[in-house]
Amino acid sequence: RGGAWRYLDRDVSGTITMQEWHQESADVLAAFKEFMDMSFGSVKLAFQRIDTDNSGSVTFSELKRACSRRGFKGDVKIIFKCLNVCIQPGVRSLSYRDVAFLDT
């Protein structure tokens, strides 16, 4: 009983962190958060600046363009993938709620 939990909870803290769950995703999201913090002050402020049409979300294209202009070296497509957001035309957008956990 609880073998899967014990396997994932490597430090036996009682919680499973993103690093314990999927290190690659944790690394990508940490780099994205650091970039947003350095470029905009926080992820929330970044979304407010990038969401130029005030739709409450940013499209893949908006985010890719904003990140590229500010020198983000990561792949925005991987960020969408890490967050399990579909990147098909017309469906690919992120709201701040999707990434708010990065500001905690």
Just subtract the alpha-carbon distance of THR104 and SER55 from 0.36 nm times their residue separation and send over the number in nm, one decimal.
15.3 nm
Need one word for the stretch 26-104: rounded, prolate or oblate. Basis is the Cα gyration tensor (sqrt eigenvalues a ≥ b ≥ c); a/c below 1.5 gives rounded, then a/b vs b/c decides.
rounded
Work out from phi, with θ = phi - 60° and the Karplus expression 6.51 cos²θ - 1.76 cosθ + 1.60, the ³J(HN,Hα) of each residue of the stretch 23-34, listed in order in whole Hz, and give x for Gly and Pro.
4, 4, 5, 4, 5, 4, 5, 5, 5, 5, 4, 4
Between LEU8 and ARG70, what is the label-point separation in nm under the 7 Å Cα-to-beta-carbon projection?
3.1 nm
Counting only the heavy atoms of the protein chains, how much of SER93 is accessible to a 1.4 Å probe, in Å² to the nearest 10?
40 Å²
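The values are calculated or read from the model by the stated rules, or taken from the named source; none is laboratory data. Source: prediction; values computed, not measured. Virtual Cβ from ideal backbone geometry, glycine too; neighbours counted across all protein chains shown. Note: accessible area is taken over every heavy atom of the protein model, side chains too, but ligands, DNA and RNA are not part of it. Shrake-Rupley method; radii C 1.70, N 1.55, O 1.52, S 1.80 Å.
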